[in-house]
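The values are calculated or read from the model by the stated rules, or taken from the named source; none is laboratory data. Because the structure is a prediction, the values reported are computed rather than measured. Don't worry about glycine lacking a Cβ; one is built from the backbone with ideal geometry, like all the others, and counts go over all protein chains shown. Note: areas computed on protein heavy atoms with side chains; ligands, DNA, RNA excluded. Shrake-Rupley method; radii C 1.70, N 1.55, O 1.52, S 1.80 Å.
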Amino acid sequence: MKRILFRVVLLLLAGGLFGCRKEAPATMDPNDTSCSTWLDVFDSFWEGMNYSYAFWDIDPTDWDEVYRTYRPRFAELGEWNGEHLEEARLMLEEITANLIDHHYSLALFDPETGEVACTIRPALNELRQRDYYHEPMPTGQFYDIISSYGATGRVTRLIGGTSAAPISQPLMMVSFLIDDVAYLYFDRFILSELFLVADETDNAIRAWRNFWDMIETTPNLRGILIDVRDNQGGYLADMRELAGRLTAEEHLFGYSRTKSGLGRLDYTPWLPLTLTPTTPGYSAAGDLPVVLLTSLYSISMAELTAMAIHSLPNGHLIGERTYGGTGYIYSNFHIAYAGRFQNEALLVYMTSSMSRDAEGTCLEGIGITPDREALFDAEQFAAGTDTQLEAALDYIRSLEQ
């Protein structure tokens, strides 16, 4: 059977609460906390993070110092109401500013309306400090550029668009042939869900089929280019659908462990992440170079795919250092005391696992560095030239020499 095995076993280990305070608090479920004061809000937040956060062994934040410093300040705010919402937001921003989990977000609800009053995303502060920071790639302009390439005959076999299938999130996909290179772009990993509900007339399905058909039927194909710029991640199962088709044999591309208990340092063992071929002994790519084009906003499953592609002998990365959210999401507090939690005051979304590359380096909060850097040029892009796409094509040509 065609399959890919992620040898990630979620061991559900029970553990005692780890902490530096003299008396450990009673176990509480932050999802079930009822908040009448801002102190209740803080306690549910602190305890939830204390149980669930996956990076306490390497994160620079002193979580016990947070408790000592901020708990009295939240207590001073009194009743949980809108009067001190801004003060609470500022303190929560201070507390979370240096968290390395780049999936992390904290939504604070308005106690008067129940609506989201603000969302705190520490990763954005880190991204803005990078010397190559830019806004996301304008999708409309991207289509204009590809259409202009098509008008000159440089791009052929162009198929793409947004899926009309009833999937949980929108999916845009496009494929074409350019300079004898088979190209595929899509903006999230939701392929395994798409294939369950879409028919052959769906835009994304047609683009997907077109990509693999080009690889099989194009004479003198020079390479394969997969574009995951601004890809927001998605399902681990999609590794089988994409990277598994591009290898004939197994490749170790990393390791992962999962938060597994109440203690801050309760984790599963490090377990291998192994890319296995969809069809053992066969790779659709053959000996062709497989190049993955990344951006600042390539995150999560896009980054795991980058790790997997890079493990291939013919796999290459080009573009920008990625977002830095390399953990995968396994969120069920009641099973593993890990991942997201929510109550009437706040919602905290975070990864429940830590990933390492094949060399054992954790890239959370850092991102994956490509083999060759190619930065987004907003001015050239607006003028009709995708400099990153051109750099990727140049890179494929360089591999022929």
Condition test on Tyr132, is it at pLDDT below 95, hydroxyl-bearing (Ser, Thr, Tyr), more than 18 Å from the chain's Cα centre (by Cα) and under 22 Å from Leu225 (Cβ atoms)? no
Sole miss for Cys118 among (1) modelled with pLDDT of 95 or more; (2) open to solvent by 40 Å² or more (accessible area, probe 1.4 Å); (3) over 25 Å from Asp377 (Cα atoms) is condition (2)
How many residues, within the range 196-229, are open to solvent by 20 Å² or more (accessible area, probe 1.4 Å) and either within 19 Å of Gly244 (Cβ to Cβ) or not in a loop (DSSP other than H, G, I, E, B) (or both)? 9
Please find, within the range 71-100, the residue that is farthest from the chain's Cα centre (by Cα) out of those that are in a helix (DSSP H, G or I) and crowded, with 18+ Cβ neighbours inside 10 Å. Phe74
What about Ser256, is it outside any strand (DSSP E or B) and touching a Lys or Arg at 6+ places or on another chain (Cβ under 8 Å)? no
Search the range 141-152 for residues that are acidic (Asp, Glu) and pair each with any residue that is modelled with pLDDT of 90 or more and outside any helix (DSSP H, G or I) when their beta-carbon atoms are under 7 Å apart and the residues are at least 6 apart or on different chains. none
Could you please give the count of residues in the range 230-242 that are open to solvent by 10 Å² or more (accessible area, probe 1.4 Å), more than 21 Å from Tyr282 (Cβ to Cβ) and of a type outside the set (A, V, I, L, M)? 4
Arg245 being open to solvent by 10 Å² or more (accessible area, probe 1.4 Å), more than 24 Å from Arg229 (Cβ to Cβ) and not in a loop (DSSP other than H, G, I, E, B): no
Could you look through the range 55-66, keep only residues that are open to solvent by less than 20 Å² (accessible area, probe 1.4 Å) and touching a Phe, Trp or Tyr at 6+ places or on another chain (Cβ under 8 Å), and pick out the one that is farthest from Gly365 (Cα to Cα)? Val66
When residues of the range 138-195 are limited to those that are more than 26 Å from the chain's Cα centre (by Cα) and of a type in the set (Lys, Arg), the one surrounded by the most Cβ atoms within 10 Å (Cβ to Cβ): Arg157
Just wondering, is there one or more residues in the range 260-275 that are open to solvent by 10 Å² or more (accessible area, probe 1.4 Å), of a type in the set (Phe, Trp, Tyr), farther than 30 Å from Trp38 by Cα and part of a loop (DSSP other than H, G, I, E, B)? yes
Which residue, of Ser105, Ser52, Ser34, is open to solvent by less than 10 Å² (accessible area, probe 1.4 Å), in contact (Cβ under 8 Å) with a residue 24 or more places away in the chain and of a type outside the set (A, V, I, L, M)? Ser52
Of the residues in the range 42-92, those that are in contact with a Pro (Cβ under 8 Å, 6 or more places away or on another chain), polar (S, T, N, Q) and farther than 21 Å from Tyr349 by Cα number 1
Among the residues of the range 57-74, write down those that are over 19 Å from Glu93 (Cβ atoms) and free of Cβ contacts under 8 Å to residues at least 60 places away in the same chain. Asp64
Would you say Gly263 is in contact with a Pro (Cβ under 8 Å, 6 or more places away or on another chain) and touching a residue at least 60 places away in the same chain (Cβ under 8 Å)? no
